[in-house]
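Enquirer: I have a structure here, written as structure tokens, and I will follow up with some questions on it.
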Amino acid sequence: GENVEQHPSTLSVQEGDSAVIKCTYSDSASNYFPWYKQELGKRPQLIIDIRSNVGEKKDQRIAVTLNKTAKHFSLHITETQPEDSAVYFCAASRSGVTGGGNKLTFGTGTQLKVEL
Amino acid sequence: DTEVTQTPKHLVMGMTNKKSLKCEQHMGHRAMYWYKQKAKKPPELMFVYSYEKLSINESVPSRFSPECPNSSLLNLHLHALQPEDSALYLCASSQENRGTEAFFGQGTRLTVV
């Protein structure tokens, strides 16, 4: 089955700096890569996703890059703010199989702390 | 409406109790999921329902019994749980096609005593 590794496990940055979180996956058939943000005591919420036919996607201060050959993808947050502090999970899935739903395999998570 | 609603928010149960967790969505999603999340860990997939039929069971012990009465509802029946089953149980839903966003409920915080 799919295995997703995520680094670093913790990341502290100063407000205004950039943060980068990296993930690698094992199943070359995976085709969908979302990133979730989970604040303490709250639900995971999608912040950005990318599909295997795209190499990069950007949404304001957040961007994701995908390298299918190397089987890794990264989350980039620019101009970090204190409200960006949370746990971030990458995930991978091979969806589209009939009756299979969208089975997500999550990375181990990165605790991001943005300091004033 | 982009909400997945779970009840109850908190549940404390004894090891001999029977209880149920409920999940509801009205986004027309035909895939629904149960995840288990321990503190400081990622969500772990338990079950996937697709068009109200169980499509994936990730080798979950039989003391957890899922049920999908209709396309909007998903239940998780609990019986004879162990203290190590204490966790946050998350329900999610998505469209039943390639690479679509999974929407999570706020979860049920379960404590087994």
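The values are calculated or read from the model by the stated rules, or taken from the named source; none is laboratory data. Predicted model, so just to flag it, every value in this text is computed and none were measured. Cβ coordinates were reconstructed from backbone atoms using ideal geometry, including for glycine residues, and neighbour counts include every protein chain displayed. The area values use the complete protein model at the heavy-atom level, side chains included, leaving out ligands, DNA and RNA. Shrake-Rupley method; radii C 1.70, N 1.55, O 1.52, S 1.80 Å.
Enquirer: Just give me the residues in region B:33-48 being closer than 16 Å to B:Thr108 by Cα, among the aliphatic types (A, V, I, L, M) and either assigned to a loop (DSSP other than H, G, I, E, B) or within 10 Å of chain A (Cβ to nearest Cβ) (or both), in sequence order.
Expert: Matches in region B:33-48: B:Ala39, B:Leu45.
Enquirer: Still on this structure, I have one more. Looking at (1) under 18 Å from A:Arg94 (Cα atoms); (2) within 11 Å of another protein chain (Cβ to nearest Cβ); (3) touching a Phe, Trp or Tyr at 6+ places or on another chain (Cβ under 7 Å), find the lone condition where B:Asn57 falls short.
Expert: For B:Asn57, the failing item is (2).
Enquirer: Another question about this same structure. Across region A:1-34, what is the total count of residues that are within 11 Å of chain B (Cβ to nearest Cβ) and either over 15 Å from A:Thr69 (Cα atoms) or part of a strand (DSSP E or B) (or both)?
Expert: The number of residues fulfilling the criteria is 9.
Enquirer: Which of (1) more than 12 Å from chain A (Cβ to nearest Cβ); (2) over 23 Å from A:Val87 (Cα atoms) is the odd one out, the single condition B:Tyr51 does not satisfy?
Expert: (1)
Enquirer: In region B:34-44, is there at least one residue being on the phi < 0 side of the Ramachandran plot, without any contact (Cβ under 8 Å) to a residue 24 or more places away in the chain and open to solvent by less than 50 Å² (accessible area, probe 1.4 Å)?
Expert: yes
Enquirer: Taking A:Glu79 as the residue in question, decide whether it is over 30 Å from B:Arg30 (Cα atoms) and either within 13 Å of another protein chain (Cβ to nearest Cβ) or part of a loop (DSSP other than H, G, I, E, B) (or both).
Expert: yes
Enquirer: Which of the numbered conditions does B:Pro69 fail, given that it passes all the others? Conditions: (1) outside any loop (DSSP other than H, G, I, E, B); (2) surrounded by fewer than 18 Cβ atoms within 10 Å (Cβ to Cβ); (3) within 13 Å of chain A (Cβ to nearest Cβ).
Expert: (3)
Enquirer: Quick one: A:Arg43 ticks every box in (1) touching a residue at least 24 places away in the same chain (Cβ under 8 Å); (2) open to solvent by 30 Å² or more (accessible area, probe 1.4 Å); (3) within 14 Å of chain B (Cβ to nearest Cβ) bar one, so which box is it?
Expert: Tallying (1) touching a residue at least 24 places away in the same chain (Cβ under 8 Å); (2) open to solvent by 30 Å² or more (accessible area, probe 1.4 Å); (3) within 14 Å of chain B (Cβ to nearest Cβ), A:Arg43 fails exactly one: (1).
Enquirer: So, one more: Take A:Lys57 and tell me if it is more than 8 Å from chain B (Cβ to nearest Cβ) and either open to solvent by less than 70 Å² (accessible area, probe 1.4 Å) or of a type in the set (Val, Ile, Thr) (or both).
Expert: For A:Lys57, the condition - more than 8 Å from chain B (Cβ to nearest Cβ) and either open to solvent by less than 70 Å² (accessible area, probe 1.4 Å) or of a type in the set (Val, Ile, Thr) (or both) - is not met.
Enquirer: Regarding region B:83-103, can at least one residue be identified that is over 27 Å from A:Asn3 (Cα atoms), open to solvent by less than 60 Å² (accessible area, probe 1.4 Å) and in a strand (DSSP E or B)?
Expert: No, that holds for no residue.
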